[in-house]
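These notes concern the structure reproduced below.
Just so it is clear, none of the values below were taken in a lab; they were calculated from the coordinates. Note that the structure is predicted; figures quoted are calculated from it, not measured. When we count neighbours, we look across all protein chains shown, and the Cβ atoms used for this are built from the backbone with ideal geometry, even at glycine.
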Amino acid sequence: MPPDWKPALDALIAARHGGRIEHLAPALRDLDRRHPNVPEIAAELGYTLAAQGALPEALAAYERALALGLPSPAEQANTLAGHAVCLLRLDRAADATRALEAARTQFPDHAEFTAYLAVARHRAGATAEAFALLLGLLLETSEDLGLAAHQRTLRALLAKPCRAPAAVG
């Protein structure tokens, strides 16, 4: 038998799939107040608030969900991604970078964390690192035959540091 909060959360999530979410935040806040230690509710509240642009409140909900511990790896990964995106949207690139590096360690097969980490590093001013992450991700995930044929050369070029051009004058 599912916990008593589960049918209510499932109904709210189902209502979200219709594309209308403006009514969900109050209902999720109420459900969260009635069941304050349920990470699944906190995570869904974070997602909904982030979608509505209430980023500070969304961040707090994501952090609470992560602290409570989500029951499945998929829920954990989705919440980590939402948390990191929220940090990026709040212009907290350094915090997002740390969160994404930890998420990549925990979920090495989840390419989304590498892509978001590239965005975080780019926003933090580490554009060369961001580019290297994205090109590496492209080489790992693309099925393009041309990229596959040139993968070794591209990886070698990434591994070699770029020299500054000589001054003209």
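Cα centroid distance between the range 1-37 and the range 86-133, in Å?
Here the answer is 30 Å between Cα centres.
Roughly speaking, what is the stretch gain from Arg29 to Trp5, that is 0.36 nm per residue apart minus the C-alpha to C-alpha distance, in nm to one decimal?
7.4 nm
How high is the relative contact order of the range 54-125? Use alpha-carbon pairs under 8 Å, at least six apart in sequence, and give a whole percent.
Rounded, it is 28 percent for the range 54-125.
Evaluate the relative contact order of the range 100-146 (contact order divided by residue number), counting alpha-carbon pairs under 8 angstrom at least 6 apart; express in whole percent.
Answer for the range 100-146 is 29 percent.
How far, in degrees from 0 to 90, does helix 55-68 lean away from the longest principal axis of the Cα atoms of the chain, to the nearest 10?
Result, in degrees: 80.
Which net charge results when you count Lys and Arg as +1 and Asp and Glu as -1 among the other residues whose beta-carbon is under 13 Å from that of Leu28?
-2
Tell me the relative contact order for the chain as a rounded percent, counting alpha carbon contacts under 8 Å between residues six or more apart.
Dividing the mean separation by the residue count of the chain yields 11 percent.
Mind listing P(r) for the range 1-69? All alpha-carbon pairs, 10 Å bins, whole percents.
Taking all Cα pairs of the range 1-69, the binned fractions are 23, 57, 20, 1 percent.
To make sure I understand, if each residue's beta carbon is the centre and we count other beta carbons within 10 Å, what order do Thr79, Thr114 fall in, fewest to most?
Thr114, Thr79
Taking the Cβ of Ala111 as the centre, find all other residues whose Cβ is under 14 Å away and add up their charges (Lys, Arg: +1; Asp, Glu: -1).
-3
At a 10 Å Cβ-Cβ cut-off, how would you order Glu129, Glu140, fewest neighbours first?
Glu140, Glu129
Could you work out how far helix 39-51 tilts from the main Cα principal axis of the chain, as a 0 to 90 degree angle to the nearest 10?
That works out to roughly 70 degrees.
Report the residue, chosen from Ala120, Ala93, Ala11, that carries the largest GNM mean-square fluctuation when the chain is represented by alpha-carbon nodes joined by springs under 10 Å.
Ala11
Using +1 on the beta carbon of Lys and Arg, -1 on that of Asp and Glu, and nothing else charged, what's the dipole of the chain about the Cα centre, debye to 20?
560 debye
In the set (i) 13.9; (ii) 27.1; (iii) 25.7, which value of mean projected area of the Cα convex hull in nm² was calculated from the structure you see?
(i)
Work through the residues other than Thr79 whose Cβ is under 12 Å from its Cβ and net out their charges, Lys, Arg +1 and Asp, Glu -1.
Summing Lys and Arg as +1 and Asp and Glu as -1 gives -3.
Would you mind ranking Arg20, Arg34 by Cβ crowding within 10 Å, fewest neighbours first?
With the fewest neighbours first, Arg20, Arg34 line up as Arg20, Arg34.
Points 7 angstrom from Cα along the Cβ direction at Leu138 and Asp91: gap in nanometres?
Between Leu138 and Asp91, the simple spin-label model gives 2.9 nm.
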